[in-house]
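Where a number appears in this text, it was derived from the coordinates with a stated rule and is not lab data. Worth saying up front: this structure is predicted, and the values here are computed from it rather than measured. Reconstructed Cβ throughout: ideal geometry from the backbone, glycine too, with neighbour counts over all protein chains shown.
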Amino acid sequence: MIITDIEKKCINAIRFLSIDMVQKANSGHPGAPMSLAPLTFVLWRDHLRFNPNKPKWPDRDKFILSAGHASALLYSILHLTGYKISINDIKNFRQYESITPGHPEYGLTDGVEATTGPLGQGFANGVGMAIASKRKESINDLEHLPTTIYSIVSDGDLMEGISSEAASIAGTLKLNNIIYFYDSNNISIEGSTDLAFKEDVAKRFQSYGWNVIENIQGEDIYKISESIDLAKESDLPSLIILNTKIGHGSPNKSGTEKAHGEALGEEEVELTRKELNWTNDPFDIPDDVYKYFEEFVNKKISSFEYSDKGIGRLKTAINIDHSHDFSKSFEELKSSNVKENISTRDSSGIVLNKLSQDSNLFIGGSADLAGSTKTYINSSTSINSSNFSGVNMHYGVREHAMGGISNGLALSGFIPFAGTFLIFSDYMRNSIRLSALSELQVLYILTHDSIGLGEDGPTHQPISQLMSLRLIPNLLVFRPADYFETLKCFEESLKNTNKPSVFALTRQGVATLNNNDTSESNKGGYVLSGNLEETQDIILIGTGSEVELCLETQKELNKINITSRVVSMPCWELFEMQSDEYKNKVLPHEMKKRVSVEAGATLGWQKYIGDNGISIGIDEFGSSAPGNIVLEKKGFSVENILNVCKKILER
C-alpha cells in the first residue's frame, strides 16, 4: 500500500512538533522522534486502545517510552490525540514547572504511564505491568479486555543490564501481552554502536523465549502495522526490530550522533522543513491534521463508552481491594503469641503473610532469597507461565529487574514487596530511587541488615547502605527494634500510599521489648525508656538490633547513679515529619549529652547527637566470624557503650 498525503502530514506533524520544541528549548533529543514518528502514528491510530478523556481507564493499553530521552515524541502524539497537553505546554518543553519535562514523569503528565529516562527502567516497568494485567485477569470473575503493554526501547535500553534481567523473566513467564519496539538505528551518543554493542539482538531475545520480528523498515507504516498484528497472535512476548535512521529528514545530521542529543540548529531545521516539504511555521499544525487525529480518536472514545457500559468493565477490571482497612489485621498481629526472641526478618514474614492473606493488594517475592528474607507467602501459590493467580513471584538472582518490575506492579495498582539482603540494594538503587520519584508504594524487604549477619563476611555485611538509602527523598527507611516495632513500621508504611518503604531487618534474633502499648512509636522516634517530664544526664539513641543494647546500657548506668533516656528511632523520615514541639520533647535541646548506636555508617548522626555527642557505628568493612563476635569486636557491646557514656559525661 502507498502512504497517503494526509498520513504523511500527520507523521510530519509529529516530527516537527518534536523538532520545534527541542529547538525552542535549545535542549533535548530530536533524532529519535524524527525517525520514530511513523511507528508512533500507526500504533496510536491502528492498535493502541486509549481514551484521552479517561487516561486511567483500566481497560486501556499502555505505552511506555523506555527511551525517555525521546520525550518530545511522546508529548507530540499525546497533544495530537487529545490529551491535556496544549501547544503552550509543548512550547514550554524542558522549562521550570512545565508538564513537558526533559524525561517523562508519571503523575505529572496525562498519558505518561511511567517515569523513564534511566535506560532500561521502562523496559522492566512494562514487564511488571504485564504481570499485573495477567494477575488481574486471574482474580476477576467478570470478563475484561486484556491489556497490551507497548514500549519503545533503544540501543541504550538493551545495553543496560536491567533489560537483560527483565527480558529473561518475561520470556520465562511467556508474557504474550508485551509488544516492544527496538529502535535499531546503530547510533549512540559517542557514535556508532559498533564501538561497544555488536551482539545479535534477535538471537539474544529468541534465547530469552521471545517472539522476534526482524527487518521492519521504520518508514513503512503498513509493514509496521502488520508486524504488530503478527505479534498479537504470538503466545510469547514480542520484540519488533525496526531499522530506522536517526534524525530522518535532516540533510546534514541524519544517521549521525549529531542528531541525538542536541537541537538541530535553526539552519538545519529550515533545511529539514524543505527536505520533508513542511511549510508550516514552528508549532503550527494544519487543521486537516488535527481533524484526522480527532476522527480516529473519537472512534476509540466511542469504543471505550461501549465496552465500559456493556459489561461494567471500568468497575471490575481492577478487582483489587484498595479500600481495605488493615487495622483489624494489625490488631490480630499484636494480640498473637510472640516469641521473646525473634529476628525482625521473621517478624516481617509474619506480617507479610497476614496482610497477603487478608487482601489481594499484595504481590511479590525475592531475588532467589525467599527463605532468607521471609518473603514467601505460605497460603499462596507461585506465579508461573500458566497460572498468575498466586502472590509469590520468583525473580531469580535479578535484584535490579525485581525493583523495576515492582514499580510496574505498583503503577498497576498493586502493593508489591521485593526482598533481598540490604547489601544488594545497591544493585537496584536506581529502581528504588524511581519508586520514590514516582511516589509508588513499593515495600523493599532488605534483611541481613548489619555486620550481625556474621560468617558471610564483609562482602555481605552492609556498612553505608542504610545511611545512603536515607538520602533518597520521599523514601521511608524503617529499621525496627523488635516484633512490635515491625508491626508499627508496616502499619505506617501502608498509610503512606505515595511513598515507597525500605525495611532494614535483622538476621539474628532480637529481644521482644514489650513496647506494643507505646502510642508514639509510629512517629519515627520516641522515648522508649526514661521519664519524659525529667531531664536526664544522657540520651541513648538506637535503631534496630542496637536498641536492645541501649536498654541494657541504661541498666548499667542506673547502677552508678547516671540517669538516662533511651530513644528508639526506627524511621528518621517519619520523625522529621513531626512538629518541632514533639521532636524537642523526645530530644530536648538542653540535654546535649547524647550517644547514637547503630551498626552502620556514622555519617548523618550528627544531626541528632550534635557537637557534644558521640556516634557509635561502623565506618570500615566488617569481618567473617559469628555475628555476635563481629558486633562485639566492632564496639557494639554494653561495655563499650557504657565507656563512651562515661567519656561524654566527663567532658
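Kindly identify region 187-315 as rounded, prolate or oblate by the Cα gyration tensor criterion: order the square roots of the eigenvalues as a ≥ b ≥ c, call it rounded if a/c is under 1.5, otherwise compare a/b with b/c, prolate if a/b is larger, else oblate. In terms of gyration-tensor shape, oblate. Give the lysines whose C-alpha is closer than 16 Å to that of K54, dropping any in the same chain fewer than 8 places away, or say none. List returned: K62, K84, K299, K300, K309, K315.
For the chain, the longest principal axis of the Cα atoms and the long axis of helix 221-233 meet at an angle of about 50 degrees. Packing, taken as the mean count of other beta carbons within 10 Å per residue, orders the peptides 436-449, 461-474 from highest to lowest as 436-449, 461-474.
How much net charge surrounds S579 when only other residues with a Cβ under 14 Å from its Cβ are counted (Lys, Arg +1; Asp, Glu -1)? So the surrounding residues net to -1. Extension gain, D5 to E199, is 66.0 nm, computed as 0.36 nm per intervening residue step minus the present C-alpha separation.
Taking a threshold of 27 Å on the Cα-Cα distance, which of the pairs K328/K499; K56/K291; K56/K374; K136/K232; K488/K646; K523/K633 fall above it?
Numbers: K328/K499 23 Å; K56/K291 24 Å; K56/K374 34 Å; K136/K232 19 Å; K488/K646 33 Å; K523/K633 33 Å.
Cα-Cα > 27 Å for K56/K374; K488/K646; K523/K633; rest within.
From the Cα gyration tensor of region 381-435, with a ≥ b ≥ c the square roots of its eigenvalues, which class applies: rounded if a/c is under 1.5, or else prolate if a/b is larger than b/c, or else oblate? Oblate shape, in that a/c is at least 1.5 and b/c is the bigger or equal ratio.
In the neighborhood of T373, defined by Cβ-to-Cβ distances under 12 Å, what is the net charge if each Lys or Arg adds +1 and each Asp or Glu adds -1? Intermediate results must be reported in sequence, preceding the final value.
Numbers: positive: R345, K374, R507; negative: D346, D368, E399, D449.
Surrounding charge for T373 is -1.
With contacts taken as Cα pairs under 8 Å and at least 6 residues apart, the chain reaches a relative contact order of 12 percent. Give, as ranges by residue number, the residues of region 11-42 whose backbone N falls under 15 Å from the point 7 Å along Cα→Cβ of T256. The answer is 31, whose backbone nitrogens lie closer than 15 Å to the label point.
Sorting the segments 12-25, 284-297 by their mean number of nearby beta carbons within 10 angstrom, highest to lowest, gives 12-25, 284-297. 3J(HN,Hα) couplings calculated from phi for region 545-552 with the Karplus curve 6.51 cos²θ - 1.76 cosθ + 1.60 (θ = phi - 60°) are, in sequence order, 5, 7, 5, 4, 4, 5, 5, 5 Hz; Gly and Pro show x.
If the convex hull of the alpha-carbon atoms of region 327-511 is projected onto planes in all directions, what is the mean projected area in square nanometres? Don't jump to the answer; show the numbers that get you there.
Numbers: hull surface 39.0 nm².
For region 327-511, averaging the hull's shadow over all directions gives 9.7 nm².
The structure-derived value of Kirkwood radius over Cα pairs in Å appears in the list [x] 29.2; [y] 26.7; [z] 25.6 under the label [y]. Scaled against 2.2 N^0.38 Å for its residue count N, the alpha carbon radius of gyration of region 148-250 is 1.05.
Once both labels are positioned 7 Å from their Cα atoms along Cα-to-Cβ, the gap between K495 and Q357 label points is 2.5 nm. P(r) for region 5-313, from all Cα pairs and a bin width of 20 Å, is 35, 59, 6 %, short bins first. When each of T373, T279 is scored by the number of other beta-carbon atoms lying within 10 Å, the sequence from fewest to most is T279, T373. The stretch between T602 and M159 holds 155.8 nm of extra length on full extension. This uses 0.36 nm per residue minus the Cα-Cα distance.
Among rounded, prolate and oblate, which fits region 23-168 when a ≥ b ≥ c are the square roots of the eigenvalues of its C-alpha gyration tensor, a/c under 1.5 means rounded, and a/b larger than b/c means prolate? Could the numbers behind the result be given before it?
Values: a/c = 1.95, a/b = 1.32, b/c = 1.47.
Since a/c reaches 1.5 but b/c is at least a/b, the shape of region 23-168 is classed as oblate.
Here the spin labels are modelled as points 7 Å beyond Cα on the Cα-Cβ line, and at N215 and S303 they lie 3.1 nm apart. Shown in residue order for region 269-279 are the 3J(HN,Hα) couplings computed by the Karplus curve 6.51 cos²θ - 1.76 cosθ + 1.60 at θ = phi - 60°: 4, 5, 5, 5, 4, 5, 4, 9, 6, 10, 9 Hz (x for Gly and Pro). Sequence neighbours fewer than 8 away in the same chain don't count; with that in mind, list the aspartates and glutamates whose C-alpha is under 19 Å from K274. Answer for K274, where 19 Å is the Cα cut-off: D5, E7, D20, E219, E266, D284, listed by chain and number. Phi angles across region 169-174 convert, under the Karplus curve 6.51 cos²θ - 1.76 cosθ + 1.60 with θ = phi - 60°, into 3J(HN,Hα) values of 5, 4, x, 4, 8, 6 Hz, Gly and Pro given as x.
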